[in-house]
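First the structure, in the form of structure tokens, and then the observations on it.
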Amino acid sequence: MVYSEKGLMRNTRIVFALIFLITLFIFSGYADAQLDCMKCHKHMLTKKFVHAAIPMGCKACHSEPHQKNPKFSTGLSAATPDLCYNCHDKTKFSKKNVHAPVAGGMCSSCHDPHTSDYAKLLIGESPDLCFTCHDKKGFSGKKIVHSPVAGGMCITCHDPHSSGTPKLLPSDPLVLCFNCHDKTEFSKKNVHMPVAGGMCLSCHEPHVSEHIALLTKEPVNVCLECHEGIKKKPHVIVSFSTTGHPIGVQAKGIADPARKGRKFDCGSCHNPHSSESPGLFIYKADSSSQLCVNCHKK
Ligand code: HEC
Ligand code: HEC
Ligand code: HEC
Ligand code: HEC
Ligand code: HEC
Ligand code: HEC
Ligand code: HEC
Ligand code: HEC
Ligand code: HEC
Ligand code: HEC
Ligand code: HEC
């Protein structure tokens, strides 16, 4: 076949016109599709908070919706969490200790990817959100409930995603405790060794306890854990007595003469954290004998 120059030019114009029309068709079709998504799925976006990814278009995440056998469920362009990491910095979610549902890519177990009535697109508020997987019993119902736990402030002490510190703590336990508790009580002249070592959790539960001051055990037993020997020899030995003070099981029920409403135990004479006096005495005393008068009035 032979083309005349005129015919070739006419044909070219037709081709350009066709390309223009096709492009117009695709673009208007695309715009329609965008509109269409909202036409049928509008109910999805009626809640208070909408994911900032939504205005970027549903196809930012669902590259092929309405497919019979999509590569990823609901026609997503990737599975979670990789889908999320397209826009969110992965490093925040992959520090040394990763929360199990994050490691499992179950972002949707806590977040609605589209819209939510709760801040941060959460599907519920903490602590109830946490209790969907963690047994509530471990955080309530006991005699003593740590005030921030009772207040449902789980995320002041835990990063919900991942952390460089064990148990998803945002920092070392000691630093964490001192965020809310006055450090001076723990840094007097003589500091009890486990306190100096930041081992608050060797004596305290972080959430709830049956014992005063969130102790892990009965007060005396907390101390005997490390000072077993005390039980075997008379404590606070004095020349005229070979038995010493009734401590441990023997002391059950004896009232503390100096602290109203409290039982007589190790804490009657010792501060578990720190003290200006030697021997971690709770009273101002330069020697053992100065301690006695607080209870044994002359
Ligand atoms: C004519 C109405 C209509 C339009 C337009 C529409 N959808 Fe749907 N879509 C449905 C219905 C009906 C379902 C099935 C019921 C359901 O899950 O809500 C569905 C299901 C889905 C699903 C879930 C599972 C699957 O089959 O993939 C996704 C994701 C989805 N649509 C995304 C989109 C996106 C993105 C658009 C725009 C590109 C869109 N839809 C446009 C009606 C529509
Ligand atoms: C940020 C990514 C993202 C965007 C943007 C997004 N989706 Fe989704 N969508 C998801 C994920 C992830 C799931 C799967 C949720 C799950 O596993 O529970 C999903 C599930 C769905 C489903 C089925 C389950 C349901 O929630 O009903 C529909 C329908 C749907 N999307 C529609 C849309 C529509 C319509 C748009 C645009 C208005 C949109 N999505 C935008 C991530 C996204
Ligand atoms: C297409 C990009 C994109 C994708 C994919 C994406 N997001 Fe987002 N997301 C954003 C933007 C933009 C913001 C707002 C800025 C910010 O907080 O980083 C945001 C904010 C958020 C917020 C905070 C909301 C708030 O109120 O502060 C959460 C939670 C969130 N995204 C979860 C997810 C989850 C879960 C996925 C995966 C299912 C995901 N995102 C995937 C773009 C995206
Ligand atoms: C166990 C529940 C849980 C899981 C699983 C979870 N998140 Fe979160 N996410 C939260 C909570 C709670 C917040 C709010 C933190 C705050 O307010 O300080 C949050 C906040 C966010 C934010 C807002 C930015 C920020 O750090 O405050 C983004 C983005 C986010 N999550 C993305 C994701 C992605 C992506 C995944 C999956 C890899 C995921 N989340 C899995 C509970 C979860
Ligand atoms: C979707 C289920 C799920 C939700 C929701 C959830 N967790 Fe978890 N979490 C787990 C699983 C599974 C483990 C690992 C098994 C275990 O230790 O019980 C875990 C472990 C933990 C650990 C111990 C981590 C470690 O390194 O030992 C902490 C702390 C924790 N979760 C806090 C929270 C907090 C706070 C919330 C609420 C913001 C929450 N979780 C919500 C499933 C969940
Ligand atoms: C005052 C800080 C604080 C608050 C508030 C707090 N936790 Fe913890 N949580 C801790 C510490 C500290 C540990 C580590 C205990 C240990 O190492 O023995 C821990 C451990 C955990 C563990 C792991 C338990 C185990 O034995 O491995 C889970 C799960 C957990 N917390 C969930 C929660 C939930 C859910 C809430 C809210 C109801 C919450 N935490 C509130 C400080 C806190
Ligand atoms: C050797 C065990 C032990 C260690 C370690 C320990 N505590 Fe205590 N803590 C106690 C005992 C026992 C009480 C109860 C004191 C009493 O008899 O009233 C207590 C009481 C408390 C109280 C209640 C208020 C008060 O002062 O009576 C707080 C708060 C407290 N401890 C925080 C901490 C913090 C924070 C750490 C770590 C820096 C820590 N504890 C380390 C044993 C310990
Ligand atoms: C978010 C703030 C916060 C953090 C973090 C925190 N606490 Fe507390 N804690 C409180 C409040 C508030 C109270 C109740 C008021 C008070 O007694 O000072 C309390 C009370 C206590 C009590 C006395 C409980 C009672 O009823 O007798 C102990 C013991 C205690 N905290 C130990 C710790 C330890 C150990 C840590 C670190 C693992 C810690 N706290 C971290 C806020 C916090
Ligand atoms: C986790 C282990 C541990 C626990 C629990 C513990 N202690 Fe200690 N305590 C030590 C260590 C270590 C020393 C320093 C070495 C020594 O004197 O045995 C010490 C020293 C002491 C001293 C001597 C301090 C001095 O300056 O002379 C007293 C008093 C004391 N503890 C009382 C207590 C009391 C009271 C309790 C219970 C509230 C208790 N301890 C619980 C580990 C512990
Ligand atoms: C009546 C007051 C009193 C009570 C109660 C008491 N202590 Fe003491 N404790 C003392 C005195 C006084 C000393 C100093 C003795 C000395 O060094 O001469 C001392 C010294 C100590 C020491 C350091 C010296 C040593 O013997 O190892 C430890 C540890 C100790 N007590 C632990 C305890 C524990 C644990 C309890 C509870 C089971 C307890 N104390 C109950 C008064 C008391
Ligand atoms: C915190 C109060 C308290 C302090 C301080 C205290 N005691 Fe006691 N003491 C008691 C109590 C309570 C008993 C038991 C009384 C009873 O059996 O009902 C007791 C009993 C005794 C006994 C009789 C023990 C026996 O053999 O039955 C002697 C001796 C004694 N104390 C000497 C001392 C000396 C010495 C000091 C000073 C180093 C001292 N106490 C400090 C509260 C205290």
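What is the calculated FRET efficiency for Lys96 to Thr132, with r their C-beta to C-beta distance and R₀ = 25 Å, to the nearest 0.05?
0.50
Which three extents, in whole angstrom, do the alpha-carbon atoms of segment 182-292 cover along their principal axes, largest first?
Principal extents (Cα only, largest first): 43, 30, 29 Å.
Identify all aspartates and glutamates with a Cα-Cα distance to Lys68 below 20 Å; exclude those on the same chain that are fewer than 8 residues away in sequence.
Here the aspartates and glutamates satisfying the reach criterion relative to Lys68 are Asp36.
May I ask you to compute the full-extension gain from Val191 to Ile254, defined as 0.36 nm times their residue separation minus their alpha-carbon distance, rounded to one decimal in nm?
Contour length minus the Cα-Cα distance gives 19.9 nm.
Determine the alpha carbon to alpha carbon distance for each of Lys143/Lys232; Lys59/Lys92; Lys188/Lys284; Lys39/Lys71 and list only those over 21 Å.
Among Lys143/Lys232; Lys59/Lys92; Lys188/Lys284; Lys39/Lys71, the Cα-Cα distance tops 21 Å for Lys143/Lys232; Lys59/Lys92; Lys39/Lys71.
Ranking Met106, Met56 by Cβ neighbours within 10 Å, fewest first, what do you get?
If I rank by nearby Cβ atoms, fewest first, I get Met56, Met106.
Looking at Phe131, Val98, Ser116, which one has the Cα that reaches farthest to the positive end of the dipole of segment 81-139 (charges on Cβ: Lys, Arg +1; Asp, Glu -1)?
Most positive-ward Cα: Val98.
Throughout, read-outs are computed from the coordinates displayed, never taken from laboratory work. Remember, it's a predicted structure, so these values are computed and weren't measured experimentally. In this analysis, Cβ positions are derived from the backbone assuming ideal geometry, glycine residues included, and neighbour counts consider all displayed protein chains.
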